[in-house]
1. Checking the conditions here, which among 203, 208, 195 is β-branched (Val, Ile, Thr) and either under 29 Å from residue 44 (Cβ atoms) or surrounded by 12 or more Cβ atoms within 10 Å (Cβ to Cβ) (or both)?
2. List the pairs whose first member sits in segment 48-74 and is in the same structural domain as residue 31 (by TED's automatic domain parsing) and surrounded by 12 or more Cβ atoms within 10 Å (Cβ to Cβ), whose second member is of a type in the set (Phe, Trp, Tyr) and part of a strand (DSSP E or B), and whose Cβ atoms are under 9 Å apart, counting only residues at least 6 apart or on separate chains?
3. What are the residues in segment 161-184 that are loosely packed, with under 12 Cβ neighbours inside 10 Å, of a type outside the set (S, T, N, Q) and either without any contact (Cβ under 8 Å) to a residue 24 or more places away in the chain or under 21 Å from residue 209 (Cα atoms) (or both), if any?
4. Kindly establish whether residue 99 is of a type in the set (Ser, Thr, Tyr), at pLDDT 85 or above and either loosely packed, with under 14 Cβ neighbours inside 10 Å or touching a helix residue (DSSP H, G or I) at 6+ places or on another chain (Cβ under 8 Å) (or both).
5. Quick one: in segment 146-198, of everything that is modelled with pLDDT of 75 or more and of a type in the set (Lys, Arg), which residue is nearest to residue 61 (Cα to Cα)?
6. Would you check if there is a residue in segment 108-117 being surrounded by fewer than 14 Cβ atoms within 10 Å (Cβ to Cβ), among the hydrophobic types (A, V, I, L, M, F, W, C), touching a residue at least 40 places away in the same chain (Cβ under 8 Å) and not in a loop (DSSP other than H, G, I, E, B)?
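The values are calculated or read from the model by the stated rules, or taken from the named source; none is laboratory data. Model, not experiment: these values are computed from the prediction. With ideal geometry, Cβ positions are generated from the backbone for all residues, glycine too; neighbour counts draw on all protein chains shown.
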Amino acid sequence: MKKKKTETKSKTFHCQIEKSTFKKLIKEQSKYNGIYFDNILRGIKFELKEDILTMVSTDGNRLLETKIKVESPCGNGSGVYDGNYLGAIRFMKNICITSDAYIDMLQLNFDADCLEIKDLANGIIYQCSAIEGNYPNYKQLIPTVNEKEYTTIGVNMRFLSELNRLSPNERTGIVELSFKNNEPLSPMIAKCDAIEVQTRALIMPIQIRK
């Protein structure tokens, strides 16, 4: 009889990242993954190439890509892990070292079936399962911005956040944005048509000078 080969699980790639930074980025990413889907869109895609870690999430209507330089990278690879679980983790603050100069780090160990997050200071390990499936080729969805075809403008993000305070249509939750054709620097009009409340606001673009 032939002996069955014993499978050994090994870390395919890993890196380290500051805990506060990872918490912030995961909070942002988990807002874009598909919360109600039981498929690949529920996941956050991680890709490590040299010392750059890329995170991607999408729910089919929105997409967020984040790139960040990490510490102690080893190996290259990619994997998709449960974004709902990652967004729910409450990482503990450093309880062992009181020095403000100490940098609180996490080690991310990426396996084919699991993302292991090791809290180096506290000795806590979190494990997040991988999600099987083919992640969408998101790179082909993001156009290449060039000066011939695009005009880049700046918008005050504090004002954009105020759009959340408007009264959108209760059924759709949509805020309409209107742009004047071929005049990207003209004011954008935000309009909400709720059942009882109608709201309009202006967003004034700013030309970015390089």
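1. 203
2. What qualifies is 48/13; 48/110; 53/46; 54/46; 55/46; 56/46; 73/13; 74/13.
3. If the condition is that a residue be loosely packed, with under 12 Cβ neighbours inside 10 Å, of a type outside the set (S, T, N, Q) and either without any contact (Cβ under 8 Å) to a residue 24 or more places away in the chain or under 21 Å from residue 209 (Cα atoms) (or both), then 165, 171, 173, 174, 180, 183 are the ones that fit.
4. The answer is no for residue 99.
5. Going through the qualifying residues, I end up with 191.
6. no
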